[in-house]
Amino acid sequence: MTEIWLIRHGETDWNRARRLQGWQDTPLNAHGRNQAQRLAERLHHEARNGPFDALYSSDLQRTLQTAEPAAARLELRVRPVPGLRERCYGVLEGVTMDRLDIEQPQAAAAWKSREPDRILDGGETLRQFHNRIVATIDDIAQRHQDERVLVFTHGGVLDIVWRHAHGIPLTRPRDAALLNAGVNRVAIENRRWQVMGWGDVAHIATLAKDDVV
């Protein structure tokens with residue numbers, strides 16, 4: 001059994017502006033860097049109860065910047081993995097949520113429809129995104145059987161993980177908490193996923209939380 005701790009990146013200015021990021025390489029803001037530091041201290045404390053054996057991250061800078069303080073505290077190497085990126089939203093990237101229907105009505109309709117195979121102009125279909133994330137997480141679990149692993153990633157990725165573990169269809173509306181710098185724990189054995197804990201932000205409980213992808 002592999003225990004994977006999945007962590008969404010800290011806050012960015014685009015989160016605060018409710019602007020879709022996708023594959024855009026946005027950095028953490030000051031609040032996000034503070035979240036990353038508090039998270040690093042939390043993980044250092046958790047490591048006293050058992051070590052973390054590896055640390056993976058999406059290769060986008062907002063996740064790398066969230067992972068780096070923890071990697072330093074735990075003396076682990078950050079392993080960047082493009083397969084852990086957020087969904088590619090194509091022409092919707094950079095647009096604020098309240099402008100989607102105005103600036104990109106066709107793409108916005110495709111995104112909102114949650115039809116797994118509906119084309120999103122310049123981006124990934126929902127099914128393509130799902131398949132990429134499941135394959136990437138399964139691969140990490142296979143490499144680290146009977147170990148505990150950290151994975152720094154994105155809100156949309158956490159949504160896919162939650163759905164896959166619970167058997168929730170892609171067509172259903174999102175119902176999982178996707179908190180910046182939150183800890184989400186999943187056990188994987190023989191490609192069977194089970195949620196052990198979700199949305200734990202005790203380490204940043206006094207800070208503002210945002211669930212914009």
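The values are calculated or read from the model by the stated rules, or taken from the named source; none is laboratory data. Because the structure is a prediction, the values reported are computed rather than measured. A quick note on method: Cβ atoms are made from the backbone with ideal geometry, for glycine too, and the neighbour counts reach across all protein chains shown. All accessible areas refer to the heavy atoms of the entire protein, side chains included, with ligands and DNA or RNA removed. Shrake-Rupley method; radii C 1.70, N 1.55, O 1.52, S 1.80 Å.
Structure above, values below:
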{"read-out": "Integer Hz, Karplus 6.51/-1.76/1.60 couplings in order for region 141-151, x for Gly and Pro", "value": "4, 5, 6, 10, 5, 6, 10, 10, 10, 9, 10"}
{"read-out": "Fraction of accessible area attributable to carbon and sulfur, the chain (%, probe 1.4 Å)", "value": "46 percent"}
{"read-out": "C-alpha center-to-center spacing [region 23-45, region 73-136] in angstrom", "value": "22 Å"}
{"read-out": "Ratio of Rg to Rh over the chain (Cα coordinates, Kirkwood Rh, two decimals)", "value": "0.95"}
{"read-out": "CD proxy at 222 nm, helix term only [per DSSP H run n ≥ 4: -39500 (n - 2.57); per residue of the chain; nearest 500]", "value": "-11000 deg cm²/dmol"}
{"read-out": "Sorted largest first, extent of region 36-90 alpha carbons per principal axis (Å)", "value": "42, 20, 15"}
{"read-out": "³J(HN,Hα) computed for each position of region 195-205 - Karplus, 6.51 cos²θ - 1.76 cosθ + 1.60, integer Hz, glycine/proline x", "value": "6, 9, x, 8, x, 7, 10, 4, 6, 10, 4"}
{"read-out": "Using alpha-carbon coordinates, inclination of helix 30-46 to the longest axis of the chain, degrees", "value": "40 degrees"}
{"read-out": "Residue among GLU124, GLU147, GLU46 with the largest mean-square fluctuation in a Gaussian network model of the chain, springs linking Cα atoms under 10 Å", "value": "GLU46"}
{"read-out": "Environment charge of PRO27, counting only residues whose C-beta is closer than 14 Å and scoring Lys/Arg +1, Asp/Glu -1", "value": "-1"}
{"read-out": "Net charge, ALA54 excluded, C-beta distance under 9 Å - Lys, Arg +1, Asp, Glu -1", "value": "+2"}
{"read-out": "Nonlocal amide H pairs with TYR56, under 5 Å, H built at 1.01 Å", "value": "ARG79, LEU150, VAL151, PHE152"}
{"read-out": "Net charge contributed by nearby residues that have their C-beta within less than 10 Å of HIS130 (K/R +1, D/E -1)", "value": "+2"}
{"read-out": "Semi-axis lengths (Å, descending) of the ellipsoid that matches the C-alpha gyration tensor of region 29-135", "value": "34, 17, 10"}
{"read-out": "ARG18-ARG191 pseudo-label distance in nm [points 7 Å out on the Cα-to-Cβ vector]", "value": "4.0 nm"}
{"read-out": "Rg/Rg_ref, region 125-176, where Rg_ref = 2.2 N^0.38 Å and atoms are Cα", "value": "1.18"}
{"read-out": "Computed magnitude of the charge dipole of the chain (debye, nearest 20; Cβ of K, R +1, Cβ of D, E -1)", "value": "200 debye"}
{"read-out": "Dipole magnitude of region 1-56, debye to nearest 20 (Cβ charges: Lys/Arg +1, Asp/Glu -1, about Cα centre)", "value": "280 debye"}
{"read-out": "Point-charge dipole on Cβ atoms (K/R +1, D/E -1) for region 97-213, about Cα centre, debye to 20", "value": "260 debye"}
{"read-out": "Positive-pole candidate from HIS44, PRO27, ALA72, dipole of region 1-73, charges at beta carbon", "value": "PRO27"}
{"read-out": "Highest to lowest packing among 106-116, 192-202, 126-136, scored as the average C-beta count within 10 Å", "value": "126-136, 106-116, 192-202"}
{"read-out": "Peptides 97-105, 166-174, 53-61 ordered by average Cβ neighbours within 10 Å, highest first", "value": "53-61, 97-105, 166-174"}
{"read-out": "Tilt relative to the chain, helix 155-166 - C-alpha long axis, 0 to 90 degrees, to 10", "value": "80 degrees"}
{"read-out": "Dipole of region 52-182, positive direction: furthest Cα of ASN180, PRO169, GLY156, with charges on the beta-carbon", "value": "PRO169"}
{"read-out": "Per residue accessible area of the chain, 1.4 Å probe, in Å²", "value": "44 Å²"}
{"read-out": "Built amide H within the under 5 Å cut-off of TRP198, gap 5+", "value": "ARG185"}
